[in-house]
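Please read the structure below before turning to the comments.
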Amino acid sequence: SLDNQTGAVVAGVGASGVGIFVAGTPGTITNAGRVSGTSFGALMQSGGSLANAAGGSVSGGTAGIMTTGTSATVVNSGSIKATSGAGVDIEHGGSVTNNANASIYGSGFGVFDTGAPGTLVNSGSIVGGSNIGVLFAAGGSATNAATGSIAGRTAGFSANNQPVVLTNSGMISASTGAAADIEAGGSVTNNAGASLLGNGFGVFVFGAAGTIANAGTITGTLYDGVVLSGGGSVVNTGGAITGGSIGVYARSGAAASVTNSGSIRATASGGAGIDLAGGGTVNNAAGGTISGAAFGVLLNGGTVTNAGTISSGSYAVRGASRLVVNPGAVFVGNVAGNGNATLELASGTGTISGIESNNFNISQFNFQTLAVDVGANWTLNGPNGASATVNNGTIAVNGSLYAGTVDAASTGTFQLDAGATLEIFQIGALPHISFLGSDALTVDWAAGFGTNVGKANYAGPLLQNFDATDTIDLRAFPLAGATLNYDQTTGLLQVTDTAGFAASLSFDKSTLGAGSFHVASDGGSGVFITHS
C-alpha cells in the first residue's frame, strides 16, 4: 500500500519510467498529491485499488493507470491522464468510478476495460482524444450520471465481445462516429434530459439484438439516430431520435419493434423516419410524431399502429402488412401495404378517406382488406374500396365504398349517409345495412348476397330505412321474366326469373313504410329494386 498525500510527488522518469509499480499481490494506492511516469503513472500487475482524491493527479504516457492480473477498482475525484494511450486501462476487468468534477483523459481512450466485464459509474468528465471515450472489450455495465460527460472521436462509449448495459443521464458524444457503439448486443437507456450525440450515429448496435429506451435526445447527425443490426426494440417515451438518413434503422435479417410517444425523424432528403428492413412492428402513440422526407415508416412486412402523426413528402407508411388506425391518427403522404395487406380501423369514433385497394385507383391508402374492430364507429369520406371487408363495428359511408367480399363472421353495420353508395360482391349474414336517404346499394353477385339465397331459410343483412329515394342494383340479373315475391310477415323479398336466377333481400318491416316493390332495368345487364 502507498498513501501519497497532498503536496507529495511520486515520479518515474526515463524512457520507460513508472510512478508507482505494484506486483506480486494486489496493491492499495491512495493519492492526494501528484503521481506521474513517462510510461505509466501507476502500474498494478496483480490488480488492487487506487483512489485518487480531489486535487490529486495521476498521469502517464501509455496509461495514467494500468491494472493487470486480477480485477481492479479505481475511484477518481481528481485528474487521471495519459498522453499517448488510455487514461485508465483495466486489463482484467473491474470497476471505475469517476466522481463529479473529476476528469479522466487519454489521447487514445479515456477508459479501457478488457479481460472481464467492467463496471463504470461516471459523474465527471471522460475523454478519449483520438479514439473512444470508454471501451468495454468484455461487456459489463456503465452508468453516466446527469453531471457526467463521455466523449470520443470514433465512439463516445463502445462495448464488444459481450453484451453491455448502458444507462445515460448526462452527455455521451462522438465527433466522427457513434455516441454509443454496442458491438455484441445489449441495452441502452437514455433518460430524460440526457443526450447521445454522434456525428455519424447516435446508437449503433450489432452482433446481437439491442434494447433501446429513450426519454432524452439521440442524434446521428450524418447517418442514423439508432441502428439495430441484429433486431431488437426501441421505446421512445417523450424523447427525440433524429438521424440524417434514418431516425431508427433495423437492418434486414431480424425483425424489430419501435414504440414512440415522442419524436422520431430523418432530416436529409430521401430519408426515412423509421426503416425496418427485416419487418417488425411500429406503434406510434397519441402525441407521437414520425417523419422523413421520403418515408415516415418504411418496413418489409409487419404491423404499424398509429394514434399520432406519421408524415412524409412521399409515403407516410409503405410496406406494412397490417396498418391499425386509431381515431385522431394523422397521415401526411401516401400509405401503401405490402402484398395482401389489411387496414384496421380501431375502436372509437373517427373519420377517414381515400381507402382503396390495388383493384382501384391508388389514393392515399392502398390495402386489400378493410377490418373494423368491435366498438369502432368510423365515417368514410370520398371514394373508398377494399377487396375484402371484415366489419365488426359501424361503417358510416359518406361517399362511396366498394366493400368487396364481406366476411361471413362480421357482426357490424353499414350505415349509408345521405347520397352514399355501397357496392358489395359477396356477403354473409351481416346484421344491418341502414339507408339514411337517397342511397344506392349495388350487389355484384346476387347469389352471394347472404346464405341460402332464394330459399325460405335465407340469412343475410337486414336492410333498414329503405324508402322511395333508395335503390338496390342487382348486377348481372336479367330483367326478362323477373318477378318479385314479398312476404309481409317476414320482410323477405325474393327476386327470381325464368332462367333460374335468384336474389334474396331481407327488409326491416318497421322502417319500410307503405307501398310496394318495383323492378326495372338498371340500364345495363342488371335490375333496379325500388319501393314506393
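The values are calculated or read from the model by the stated rules, or taken from the named source; none is laboratory data. Since we're looking at a predicted model, the values are computed, not measured. Quick reminder, even Gly has a Cβ in these numbers, built from the backbone with ideal geometry, and neighbours come from all protein chains shown. Just so you know, the surface numbers come from the protein's heavy atoms only, side chains and all, with ligands and any DNA or RNA stripped out. Shrake-Rupley method; radii C 1.70, N 1.55, O 1.52, S 1.80 Å.
Summary table below
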| quantity | calculated |
| --- | --- |
| Every residue from the range 486-510 that is open to solvent by less than 50 Å² (accessible area, probe 1.4 Å) and in contact with a Leu (Cβ under 9 Å, 6 or more places away or on another chain) | G491, L492, L493, Q494, V495, D497, A503, S504, L505, S506, F507, D508 |
| Any hit, the range 399-419, residues being in contact (Cβ under 8 Å) with a residue 12 or more places away in the chain, closer than 24 Å to G288 by Cβ and not in a strand (DSSP E or B) | no |
| Among the residues listed as A336, A346, A376, the single one being within 17 Å of G308 (Cβ to Cβ), in contact with a Gly (Cβ under 9 Å, 6 or more places away or on another chain) and modelled with pLDDT of 85 or more | A346 |
| Selection status of E423, among the charged types (D, E, K, R) and at pLDDT below 95 | no |
| Subset tally (residues that are small (G, A, S), in a loop (DSSP other than H, G, I, E, B) and open to solvent by less than 40 Å² (accessible area, probe 1.4 Å)) for the range 61-76 | 1 |
| Selection count, the range 78-137, where residues are in a strand (DSSP E or B) and at positive phi | 1 |
| Subset of the range 251-281 [among the aliphatic types (A, V, I, L, M) and under 10 Å from the mean Cα position of the chain (by Cα)] | A256, V258, I264, I274, L276 |
| Selected residue (criterion: farthest from I529 (Cα to Cα)) from residues of the range 470-483 that are in contact with a helix residue (DSSP H, G or I) (Cβ under 8 Å, 6 or more places away or on another chain) and part of a loop (DSSP other than H, G, I, E, B) | A476 |
| Matching residues in the range 285-297 - criterion: being under 21 Å from N326 (Cα atoms) and part of a loop (DSSP other than H, G, I, E, B) | A285, A286, G287, G288 |
| V58 being over 18 Å from I150 (Cβ atoms), touching a Phe, Trp or Tyr at 6+ places or on another chain (Cβ under 6 Å) and buried (at least 23 other Cβ atoms within 10 Å of the Cβ) | no |
| Qualifying position, being under 15 Å from S158 (Cα atoms) and touching a strand residue (DSSP E or B) at 6+ places or on another chain (Cβ under 7 Å), among G210, G244 | G210 |
| Matching residues in the range 485-516 - criterion: being over 17 Å from G450 (Cβ atoms) and without any contact (Cβ under 8 Å) to a residue 40 or more places away in the chain | Q488, T489, D497, T498, A499, G500, K509, S510, A514, S516 |
| Some residue of the range 464-471 being modelled with pLDDT of 95 or more and on the phi > 0 side of the Ramachandran plot | yes |
| Residue within the range 420-432 that is in contact (Cβ under 8 Å) with a residue 24 or more places away in the chain and in contact with a His (Cβ under 8 Å, 6 or more places away or on another chain) present | no |
| Restricting the range 379-392 to residues that are crowded, with 22+ Cβ neighbours inside 10 Å and not β-branched (V, I, T), the residue that is nearest to G319 (Cα to Cα) | A386 |
| Any hit, the range 353-362, residues being charged (D, E, K, R) and either assigned to a strand (DSSP E or B) or over 18 Å from L441 (Cβ atoms) (or both) | yes |
| Every pair of residues 6+ apart whose Cβ atoms lie under 8 Å, when the first sits in the range 1-15 and is open to solvent by less than 50 Å² (accessible area, probe 1.4 Å) and of a type outside the set (G, A, S) while the second is modelled with pLDDT of 95 or more and part of a loop (DSSP other than H, G, I, E, B) | N4/A32; N4/G33; N4/G56; V10/G33 |
| Output for the range 16-37, where each listed residue is under 51 Å from the mean Cα position of the chain (by Cα) and surrounded by fewer than 21 Cβ atoms within 10 Å (Cβ to Cβ) | P26, T28, T30, A32 |
| Of residues in the range 501-515 being part of a loop (DSSP other than H, G, I, E, B) and not hydrophobic (A, V, I, L, M, F, W, C), the one modelled with the lowest pLDDT | G513 |
| Count - residues of the range 215-227 that are open to solvent by less than 10 Å² (accessible area, probe 1.4 Å) and over 22 Å from S269 (Cα atoms) | 1 |
| Contacts under 7 angstrom Cβ, first residue in the range 165-178 being at negative phi, partner surrounded by fewer than 24 Cβ atoms within 10 Å (Cβ to Cβ) and modelled with pLDDT under 95, 6 or more apart | none |
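Each row is one residue, and each column tells you yes or no for (1) touching a Cys at 6+ places or on another chain (Cβ under 8 Å); (2) assigned to a strand (DSSP E or B); (3) within 27 Å of A371 (Cβ to Cβ); (4) not charged (D, E, K, R).
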site	(1), (2), (3), (4)
L422	no, yes, yes, yes
Q426	no, yes, yes, yes
A429	no, no, yes, yes
G454	no, no, no, yes
A468	no, no, no, yes
N485	no, yes, no, yes
A499	no, no, no, yes
G523	no, no, no, yes
